[in-house]
Amino acid sequence: MGIFRKIAAFFTGAEIIDDDLYDEIEENLVMADVGVNTAGKIIASLKQKVKEKKIYKPEDCKNLLMDSIREQMNVPDDAYDFEKGPSVVLMIGVNGVGKTSSVGKLAASLKNNGKKVLICAADTFRAAAIDQLGEWAKRAGVDMISQNEGSDPAAVVFDALNAAKARKADVLLVDTAGRLQNKKNLMDELNKIDRVISREFPEAKRETLVVLDGTTGQNALVQAREFNEVAPVSGIIITKLEGTAKGGIAIAVQSELSVPVKYIGLGEKIDSLKKFDPDEYVKSLFENKKSCKIYKNGMFFSTSHFCFCPCIPLAVLRRFMYQSHE
Ligand SMILES: Nc1nc2c(ncn2[C@@H]2O[C@H](COP(=O)(O)OP(=O)(O)O)[C@@H](O)[C@H]2O)c(=O)[nH]1
Ligand SMILES: [Mg+2]
């Protein structure tokens with residue numbers, strides 16, 4: 001059972017609203033990766049609401065808690081303006097978090113929305129990294145600008161900027177390396193790339209997205225903070241959120257850094273990067289999901305593949321195939 005659903009169950013299980021109940025909720029928020037500071041803020045806001053609205057029954061608290069969590073997140077109206085272009089998007093973050101995949105997925109999604117997209121292989125440490133991005137470029141159906149392994153990343157960005165201008169691309173997505181040994185190194189490289197963009201393409205909108213692995217808990221928060229010190233981060237992508245029972249990190253980073261989460265990664269498929277919707281997200285954390293797995297031709301399919309298929313009587317499916325994942 002997800003931790004947020006466990007929290008919801010406290011409200012139905014408790015008889016009165018007292019400090020024990022608040023403590024229990026706070027502890028569980030921390031366990032769900034919300035972090036001590038943000039959990040404290042959420043509880044303070046919840047207490048305030050309970051007092052103001054003169055709530056006495058624990059079961060009436062759930063929606064107030066959801067509101068208090070929602071308050072910690074804010075995706076401003078102009079968050080996706082860069083998609084209109086012309087724009088240059090830098091994808092930064094440590095190794096293995098999902099930068100390259102996110103470049104590929106975002107390229108595909110923008111292209112499907114009619115944008116002209118170019119991607120730039122500025123992670124030049126290993127030839128395999130360039131090949132991996134090349135695969136994503138093929139899958140997304142967009143062009144990639146690259147040089148040989150070991151080239152200067154800023155030089156690749158220079159080429160890509162000129163290609164983006166010449167081809168009138170809407171969005172240039174830049175994949176960067178996560179292997180820089182120290183902060184100074186990282187800062188120097190990002191500064192160099194930044195200077196090249198300002199010089200070569202001053203009219204482009206700029207976006208710097210830090211990618212975080214949602215399964216690494218508070219470590220992700222530490223990384224976000226460090227990257228934000230090196231380069232002003234304009235948005236966050238949290239990957240690998242599909243299987244976690246926690247998910248509080250998406251709340252913590254926004255509350256602690258005041259930087260919006262713009263996308264979340266929910267798998268390895270090309271269409272698994274979604275725009276972050278705070279309302280939907282809070283709802284989904286507390287949802288009591290039941291999923292159905294159907295075994296067919298040696299593979300499992302979820303009900304989402306089937307629910308629009310009128311030829312399968314849903315009642316029959318429900319009766320025989322629902323498996324509750326509580
Ligand atoms: N389950 C899951 N895996 C992901 C997600 N995003 C990326 N990955 C996987 O994470 C691993 C590292 O991804 P990669 O894009 O190479 O990370 P990079 O080193 O930051 O460029 C790969 O195996 C990806 O398939 C996601 O949202 N969910
Ligand atoms: Mg990579």
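Under 16 Å of direct C-alpha separation, and excluding same-chain neighbours fewer than eight residues apart, K205 reaches these aspartates and glutamates: D77, D78, D81, E83, D170, D194.
Normalised by the number of residues in the chain, the mean separation of alpha-carbon contacts (under 8 Å, six or more apart) gives a relative contact order of 21 percent.
Net charge near I119: determine it from the other residues with C-beta under 10 Å of the C-beta of I119, scoring Lys and Arg +1 and Asp and Glu -1. Intermediate values should be presented prior to the final figure.
Working: positive: none; negative: D143, D175.
Here the charged neighbours net out to -2.
Here the range 203-221 and the range 229-283 have alpha carbon centers that stand 8 Å from each other.
Along the axis of the charge dipole computed for the chain (Cβ charges of +1 for Lys and Arg, -1 for Asp and Glu, origin at the Cα centre), the listed residues A39, S87, V142 are led at the positive end by V142.
Each part gets one Cα centre, and for the range 51-66 versus the range 95-166 those centres are 49 Å apart.
Put in line by how crowded their Cβ is, counting other Cβ atoms within 10 Å and starting with the fewest, V75, V156, V36 read V36, V75, V156. Each residue of the range 232-239 is assigned a 3J(HN,Hα), and the resulting list reads x, 7, 9, x, 10, 10, 10, 9 Hz, derived from the Karplus form 6.51 cos²θ - 1.76 cosθ + 1.60 (θ = phi - 60°), x at Gly and Pro.
Given only helices, namely DSSP H runs of n ≥ 4 each adding -39500 (n - 2.57), what is the per-residue ellipticity at 222 nm of the chain, to the nearest 500 deg cm²/dmol? Walk me through the numbers before you get to the answer.
Working: 12 runs with 149 residues, N = 326.
When only DSSP H runs of four or more count, the value is -14500 deg cm²/dmol.
The length gained by stretching the chain between F286 and V36 to full extension, at 0.36 nm per residue less their Cα-Cα distance, is 88.0 nm. Among L90, L110, L161, which one moves the most in a GNM of the chain with springs linking Cα atoms closer than 10 Å? With Cα springs under 10 Å in the chain, the top fluctuation among L90, L110, L161 is at L110. When the pairs K115/K192; K105/K192; K138/K274; K84/K184 are compared against a 24 Å limit on Cα-Cα distance, K115/K192; K105/K192; K84/K184 fall above it.
Rounded to the nearest 10 degrees, what's the angle between the helix 36-52 long axis and the longest principal axis of the chain, both from Cα atoms, 0 to 90? Tilt of helix 36-52: around 50 degrees.
Is the shape of the chain best called rounded, prolate or oblate, per the rule: a/c under 1.5 gives rounded, else a/b larger than b/c gives prolate, else oblate, with a ≥ b ≥ c the square roots of the Cα gyration tensor eigenvalues? Taking the square roots of the gyration eigenvalues as a ≥ b ≥ c, the chain is oblate. Applying both filters, DSSP loop and at most 16 other Cβ atoms within 10 Å, to the GluC sites (Glu not before Pro) of the range 1-50 gives E15.
For the range 104-157, rounded, prolate or oblate, judged on the Cα gyration tensor with a ≥ b ≥ c (square roots of eigenvalues), a/c < 1.5 rounded, else prolate if a/b > b/c?
Since a/c reaches 1.5 and a/b is larger than b/c, the shape of the range 104-157 is classed as prolate.
Residue exposure proxy: D33, D213, D279, ordered by other Cβ atoms within 10 angstrom of their Cβ from fewest to most, comes out as D279, D213, D33. Note on the range 133-212: with charges restricted to the Cβ of Lys and Arg (+1) and Asp and Glu (-1), its dipole about the Cα centre is near 160 debye. Computed from backbone phi with θ = phi - 60° and the Karplus coefficients 6.51, -1.76 and 1.60, the 3J(HN,Hα) list for the range 196-204 is 4, 5, 4, 6, 7, 9, x, 7, 6 Hz; x is used for glycine and proline.
Any read-out appearing in this document is the output of simple, stated calculations on the displayed coordinates, not a laboratory observation. No experiment lies behind these values; they were computed from the predicted model shown. Don't worry about glycine lacking a Cβ; one is built from the backbone with ideal geometry, like all the others, and counts go over all protein chains shown.
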